[in-house]
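Asks: There's a structure below that I have some questions on.
Derivation of every value follows stated rules applied to the coordinates shown; laboratory data play no part. Remember, predicted model here, so these are calculated numbers, not experimental data. Because the Cβ atoms are built from the backbone with ideal geometry, glycine has one as well, and the counts that use them run over all protein chains shown.
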Amino acid sequence: MNEEKITLKPTFLSILLSLFFLSGMFTVWAQNVIRPIETEISFPRELNSPDVNFDLKSLGNKKFKLVLEKPNQSLTNVKIYDILGNLILHDKLKPADGVQKNYDFTHLNSKLFVVEVGNARYNKTKSVYANPQGTMESNVSTTDE
């Protein structure tokens, strides 16, 4: 009976070792999958060309005009910030609004505004200095003698 135990131990050990080695071979084979190698990077075309182009025209005294390059086809968001980064106005331009819109901020102290215009895919940011064009203040005093 002792002889049977001795013959069983090497058999059991050899089965465990073979299972260990075979499972390792399957793992290596599973990781060696042939697939094409990517050599180029491609982006969708709409990422390269902005859908929203606009210009800002100062009308003086904290007023300016937003002019779209072409009529918008979908709802367009307009966010206007002051120079400190505070959101002043969040507006939505509809296709029926046309290509330009005037904004009046005479009730604010800021003369420099940051305008972000965009849609779900693209945003563009510009700034405008909405102050009347250069008028000089004179500090000349007159004296009567």
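Asks: Quick check for you: which residues of the range 61-79 have the amide N under 17 Å from the point 7 Å beyond the Cα of ASN102 toward its beta carbon?
Replies: In the range 61-79, the label zone of ASN102 (backbone N under 17 Å from the point 7 Å along Cα→Cβ) covers 61-68.
Asks: For q = 0.16, 0.17 Å⁻¹, what log10 I(q)/I(0) does the range 56-129 give under the Debye formula with an equal point scatterer on each alpha carbon and no solvent?
Replies: -0.53, -0.60
Asks: Let me check against my output: what whole-number percent is the relative contact order of the range 56-129, with C-alpha pairs under 8 Å and at least 6 apart? Please list the in-between numbers first.
Replies: Working: 143 pairs, mean separation 26.8, N = 74.
RCO, the range 56-129: 36 percent.
Asks: Over 19 Å between Cα atoms, which of LYS62/LYS124; LYS70/LYS111; LYS62/LYS94; LYS92/LYS126 qualify?
Replies: Working: LYS62/LYS124 21 Å; LYS70/LYS111 27 Å; LYS62/LYS94 24 Å; LYS92/LYS126 17 Å.
In this structure, LYS62/LYS124; LYS70/LYS111; LYS62/LYS94 lie more than 19 Å apart at Cα.
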